[in-house]
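Notes to accompany the following structure.
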Amino acid sequence: RSFDNLARVSIKHVAESFASRATVLLPDAEGRLHHLRGVELAGSLDGADLSVAQWAFDHGRPAGLGTDTLPAAAAQYLPLTGTQQTLGVLAVQPIQRRRLLLPEQRHLLETFAGQIALAIERAQRAEQAEAARVAVETESLRNTLLASISHDLRAPLAAIAEASRALSDPDLKPDAESRAQLTRTIDAKTREMSELISNVLDLMSFEVGQVHLHRDWQSVEELVRSALGRLEGRFGEHPVDVALPAGLPSVNVDAPLITRVLVNLLENAIKHTP
C-alpha cells in the first residue's frame, strides 16, 4: 500500500494500456507537486511539465494535450480526484498524439485516473489509521512511564527525608560515623534523583526531536568503564564481571547517550534481579 508501489503499478498499467509514457505527481505539505523519487520504470515520464500539472491540480480539471487548457503541451494531465479533495495528477504522454484524442480513450483514461485516486485515498486513510493507533499506544506508554518514574522518585525522596530527620532530631544525637553514613545516603539518593530527572528530560527532548547526535569513535572498554563508574557504590550485593574480547574495534556513537543506555540496563539489573 505504499505510495511508491501504487505509483509503480499505476505507471506500468497506464503506459501499457495507452502506448504512452506516464507518471503520478503527488503534492508536498505545501501543495506543490513533485516527481516521486526512486520510481523508475520503462514507461515512466520524467519530463512532465510541473506548471501544467500544478494548474490541473489547483483547478481540479484536466489540462494539456486534448483539453481546452494549454492544449499545446506534449502530455495530458488529469487530476486524481478523491471523495474530498484532489490527491495528485496523472500525466500521460502518448507515443501517438491522436491516441488520447479519441473519446473512448479519454473516457478510459479518466476511469484509470479515478481508480488511481481511490487507491491513493485508501492508502492515505490506512496511513492515518496507523498513525492514530501509534499515537494511542504512545500515550499509553507515556502514562505507564510517568507512573514508573513517579514510583522511582518516591524511594530516594523517602530516604532523603528520613536521613534529614535523623540528622536534625536533637533526641537522636547520632555519632560521627552515623552522621557520615546519613550524609552519604543523602548524597547518593540525591544523585539518583538527579539521574532520573535527567532521563526524563532526555526523553522529552527525544519526543520533540531536539536531540542531535554527536558521534565520535569510542572505545567499547571505555564506555563500559564510564557506565560502571557512574554506578560506583550502588551495586550492593550484585557482583559485576566484565568480559570484553581483546582487539574490539572502536564504535562510532554518541558517547554520553550510549553510556546512559548501559547505566539504565545496569540500574535495572540492580533493582529487579536477585
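Some notes on this structure:
- Options (1) 1.05; (2) 1.29; (3) 1.17 - which one matches Rg/Rh (Cα atoms, Kirkwood Rh) as calculated here: (2)
- Exposed GluC sites (Glu not before Pro) absent - longest run of the chain, DSSP non-H/G/I/E/B, at most 10 other C-beta within 10 Å: 41-231
- Under 19 Å from Lys189, Cα to Cα: aspartates and glutamates that are on another chain or at least 8 residues apart: Asp152, Glu162, Glu177, Glu232, Glu237, Glu267
- Å² of accessible area per residue within the range 39-161, as computed with a 1.4 Å probe and no ligands counted: 58
- Simple spin-label estimate for Ala132 and Arg97 in nanometres, 7 Å along Cα-Cβ: 4.8
- Dipole of the range 214-274 [Lys/Arg +1, Asp/Glu -1 at C-beta], most positive-end residue of Leu248, His272, Leu262: His272
- Cα-centre dipole for the chain with unit charges at Cβ (Lys and Arg positive, Asp and Glu negative), debye to 20: 960
- Loop-resident sites, the range 212-256, for trypsin sites (Lys or Arg not before Pro), counting at most 16 other Cβ within 10 Å (DSSP): Arg215, Arg234
The values are calculated or read from the model by the stated rules, or taken from the named source; none is laboratory data. All of these numbers come straight from a predicted model, not from anything done at the bench. Here Cβ is always computed from backbone atoms with ideal geometry, including for glycine, and neighbour counts include all displayed protein chains. Calculation scope for accessible area: heavy atoms of the full protein, side chains included, ligands and nucleic acids excluded. Shrake-Rupley method; radii C 1.70, N 1.55, O 1.52, S 1.80 Å.
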